[in-house]
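The structure under discussion appears below in the form of structure tokens.
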Amino acid sequence: MVSTTTKSAYTDEQTAVWIRGLVSLAWADGHFDTKEQAMISALLNKDFTAEEKAKAMEPISADELAKVLGGDRDLAENFLRTAVMVALADEDYSISEDKMLQQYCQALKLKPDVLNVLRSTFQSIADAQPADGVESFPTSGLMPPNIDVDQVDVLHPVRDWLDRMDVQDPKIARLMCKMIPAQCPFERDITLFGRKVVHIPPLCKLNPLYDQLVGLRFRALSYLADDCKEDISEYV
């Protein structure tokens, strides 16, 4: 149970619009399947009435979102950080997600510097790969293999910006715990006729922003456990 002494830094309207924005983004690339929809719907059952839950699952425009979240720069920045995390959580940063994030950024009157770094980095990798008809920017292979990522970290501004995310609302914290994977998918070998043909490393090694995802999830769990006195066993 959530402690009654814990009060969100946001209003109910702000939280509801925030979640609608994240759900709309999750739907943007067309990969928001029935299982994911059921998971989000079940999560919303904890915090919303049936009417509020149905509203939360409706798409929201960037302008509508900005009317509620655009008046406070810190609030807008925190929303955009969680939106970027949702776009990265499935290991695939798609063109449709990038377009929606740019729309959010413009409507909220935020500088698109971080999004431009993400876009240009993923686009450069996509351009270097053979065309396969898939409209997405894969997160794997983000840096060319002959470049030392510790020496040339083009994503440092993105890491720094994402690490400044502040968790201040239990509803949003629960959503982050659900939408960000609890653990890194295992590495594995692909074999053919008993012989190993390729080794796939754990996906956390392929996503250069995995540490930021894990960090946000940990802060959300800590907020629920320490500030809200909530049982977090279902998220771990």
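The values are calculated or read from the model by the stated rules, or taken from the named source; none is laboratory data. Treat the numbers as computed from the prediction; the structure is a model and nothing was measured. No Cβ is skipped: glycine too gets one built from the backbone with ideal geometry, and neighbour counts run over all protein chains shown.
Being among the aliphatic types (A, V, I, L, M), crowded, with 21+ Cβ neighbours inside 10 Å and under 16 Å from residue 175 (Cα atoms), is that true of even one residue in segment 91-113?
No, the conditions are met nowhere in segment 91-113.
Yes or no: residue 76 in contact with a Leu (Cβ under 6 Å, 6 or more places away or on another chain) and at pLDDT 90 or above? Steps first, answer last, please.
Numbers: in contact with a Leu (Cβ under 6 Å, 6 or more places away or on another chain): yes; at pLDDT 90 or above: yes.
Against the criterion (in contact with a Leu (Cβ under 6 Å, 6 or more places away or on another chain) and at pLDDT 90 or above), residue 76 qualifies.
How many residues are on the phi < 0 side of the Ramachandran plot, modelled with pLDDT under 75 and outside any helix (DSSP H, G or I) if we restrict to segment 103-143?
Residues meeting the conditions: 13.
Which members of segment 201-236 meet the condition of being modelled with pLDDT of 90 or more and hydrophobic (A, V, I, L, M, F, W, C)?
Hits for segment 201-236 are 216, 218, 220, 221, 224, 225, 228, 232.
Out of 100, 85, I need the residue that is of a type in the set (A, V, I, L, M, F, W, C) and at pLDDT 90 or above. Which one?
Checking each option against the conditions leaves just 100.
Hey, can you tell me all the residues within segment 57-66 that are exposed (fewer than 14 other Cβ atoms within 10 Å of the Cβ) and either touching a residue at least 60 places away in the same chain (Cβ under 8 Å) or not in a loop (DSSP other than H, G, I, E, B) (or both)?
63
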